[in-house]
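Structure, as structure tokens:
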Amino acid sequence: MLDFKKEIAKEIADVINLDANELEKYIEIPPNRDLGDYAFPCFRLAKQLKESPLIIANNIKENIKTDKNIVEKIDIIGGYLNIFVNKQTLTKVVLQDIAKNKEKYGSSNIGEEKNVVIDYSAPNIAKPFHIGHLRTTVIGGALYKIYKFLGYNSIGINYLGDWGLQFGKVMAGISLWKDEYDFTTNELESILKIYIRFNQEEKEKPELTEMARSYFKKLEDGDEQALKTWEHIREISLDNYKKTYQLLNSKFDSYNGEAYYNDKMEPIINELKEKELLKESQGAQVVNLDAYNMPPCIVITSAGTTVYATRDLASLKDRINKYNFDKAIYVVGNEQSLHFKQIFTVLELMGYENYASKCEHVPFGLIVDKEGEKIGSRKGNSIFLEDILNESIDKVKDIINQKNPELENKEEIARKVGVGAIIFNDLSNSRIKDEIFDWDMILNFQGETRTIYTIYICKNKKLT
């Protein structure tokens, strides 16, 4: 197959008598299509050729012997050669490549023998999977598949929120009000109702907060009954989530959540102390980040408790040891941007510069209600993702029954198109901006979403 970059590099090499393989590495994709299909930065050769970038660019343009079937024209802008390839040849090459490779078109082996760790979804257990976790799940799932397509060993990590005071609240609430709720029909939904009620009532009854702390202390101390209750809640939560993940075709290789790192935080704290990074500040233990124009990273609070940063550092160290990753990606909302900057900087200060440089936070906007409020279980405005997916599937079924009643495999097609429409709706929006949740918009089967439906039906047709 014709490789435009190789051909261009070879022709440039013939003019300036340098290695074509090295020159190929310099060729870039311009940020704007008006600047061409490829760009060659001549300033990278100025020292070697002892000429100004502009002179080098003019020399190459005047003397290059390009095949018009490969390169249509070359422009010079600010020391760059902007190269426009022949569109007819490009179209022919792409179509031939698609016909040859089919579903493998665009794949590569650039990630061969490299591990990429992708941390995404991460719902808090004791609650059904709600709309607020759609974006991280969908974006993370897309990255998982993209990196796999590029030859990487993708490792999906679902860092469950399965520890903390919230479980003290759940346990305290169950002890107070278990007889008022039906745990036989939908146990997880009843647990959520108790959690919401507890958060609402503790505003007026501070003694409830102390009660929650007492129950969580039992959990931390390894109380047998408390652990048994926690394990049961974790199990039924995961069973609920896995149904949704199956619908979304989301893959995870690890469900190690916050609780998994309970015994891994002390070694991190000791290492920070040994490297003299921990400093006392108002009773807390922190890593000073003034030199990086960031507030200090709190590792141990003034009350002596660990925080998210402690667990995230422990999890990073664990992932270094387990996976020796080439990339570590965190698909977490943009409100956590400072947190991750701090974590990656602390990792660098600990002496893991090589791994810190491979860490990346992929932020995204929140899903909010029409009043701009964050959707979440504490406020009781949760919208369960399973309900949305089922509603979308049912809507596709209605369309099929109206438009293509004789279609085979209606159930399978409705599931794939209905779920695909929800995923497409999320990925087609700006990743960084907040999304307003609107039932009519998210279940709108007009425009591009309807085109996807039409294409899928045509691929599976017995059309009427």
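The values are calculated or read from the model by the stated rules, or taken from the named source; none is laboratory data. Just so you know, these numbers come straight off a predicted model, no measurement behind them. Neighbour counts run over all protein chains shown; Cβ positions are idealised from the backbone, glycine included. Quick note on the areas: whole protein, heavy atoms, side chains included, nothing else; ligands and nucleic acids left out. Shrake-Rupley method; radii C 1.70, N 1.55, O 1.52, S 1.80 Å.
Quick notes
- Here is the size of segment 150-233 from its Cα atoms: Rg then Dmax, 15.7, 55 Å.
- When the surface is traced with a 1.4 Å probe over the full set of protein chains, M171 keeps roughly 20 Å² accessible.
- Folded to 0 to 90 degrees: helix 410-427 orientation relative to the chain principal axis, Cα: 80 degrees
- Here the sum of -39500 (n - 2.57) over DSSP H runs of 4 or more residues, divided by the residues of the chain, equals -15500 deg cm²/dmol at 222 nm, to the nearest 500.
- Alpha-carbon centroid distance for the pair segment 97-145 / segment 283-310, whole angstrom: 32 Å
- For S281, the residues whose amide H sits under 5 Å from its own are V286, ignoring neighbours fewer than 5 places away on the same chain, with H placed 1.01 Å from N.
- Each residue of the chain gets 206 Å³ once the volume of the Cα convex hull is shared out per residue.
- Remark: relative contact order (the chain) = 13 percent; criterion is Cα-Cα distance under 8 angstrom and separation of 6 or more residues.
- Whole-Hz ³J(HN,Hα) from phi, Karplus 6.51 cos²θ - 1.76 cosθ + 1.60, for segment 387-399, glycine and proline x: 5, 5, 4, 5, 5, 5, 4, 5, 5, 5, 4, 4, 5
- Scaling against 2.2 N^0.38 Å puts the C-alpha radius of gyration of segment 226-371 at 1.18.
- Ranking by accessible area, most exposed first, for R213, R415 with a 1.4 Å probe: R213, R415
- Computed with every protein chain present, the accessible area of I55 is close to 90 Å² [probe 1.4 Å].
- Protein heavy-atom accessible surface, 1.4 Å probe, per residue over the chain: 54 Å².
- Among the GluC sites (Glu not before Pro) found in segment 249-328, those both in a DSSP coil and sparsely packed, with 15 or fewer other Cβ atoms within 10 Å of their Cβ, are E276.
- Candidate residues K243, K416: accessible-area rank, largest first, probe 1.4 Å: K243, K416
- For V368, the residues whose amide H sits under 5 Å from its own are E435, I436, F437, ignoring neighbours fewer than 5 places away on the same chain, with H placed 1.01 Å from N.
- Qualifying trypsin sites (Lys or Arg not before Pro) in segment 34-81, DSSP loop, other Cβ atoms within 10 Å at most 11: K50, K65, K68
- Derived scalar couplings between HN and Hα for segment 28-45 equal 10, 9, x, x, 10, 5, 5, 8, x, 8, 9, 9, 10, x, 6, 5, 5, 9 Hz in order, rounded to whole Hz, by the Karplus curve 6.51 cos²θ - 1.76 cosθ + 1.60 (θ = phi - 60°), x for Gly and Pro.
- Legend: translational diffusion of segment 8-98 by Stokes-Einstein, Rh = Kirkwood radius over C-alpha pairs, 20 °C, 1.002 mPa s; D = 158 µm²/s.
- Helix 4-16 and the longest principal axis of the C-alpha atoms of the chain enclose an angle of approximately 50°.
- Considering only alpha-carbon pairs that sit under 8 angstrom and 6 or more positions apart, the relative contact order computed for segment 242-400 is 16 percent.
- Relative to the longest principal axis of the Cα atoms of the chain, the long axis of helix 207-220 makes an angle of roughly 70 degrees.
- Here the Karplus relation 6.51 cos²θ - 1.76 cosθ + 1.60, evaluated at θ = phi - 60°, turns the backbone of segment 158-175 into coupling constants of 9, 7, 4, x, 10, 8, x, 4, 4, 7, x, 5, 4, 5, 5, x, 4, 5 Hz, with x for every Gly and Pro.
- Radius of gyration and Dmax over the Cα atoms of segment 229-286, both given in Å: 18.1, 49
- Accessible surface of the chain [probe 1.4 Å, protein heavy atoms]: carbon and sulfur percent: 48 percent
- Segment 172-291 - convex hull of the alpha-carbon atoms, volume per residue in Å³: 206 Å³
- Sparse-neighbour loop sites [chymotrypsin sites (Phe, Trp or Tyr not before Pro); segment 84-159; at most 13 other C-beta within 10 Å; DSSP]: Y105
- For V71, distant residues with modelled amide H under 5 Å away: N86
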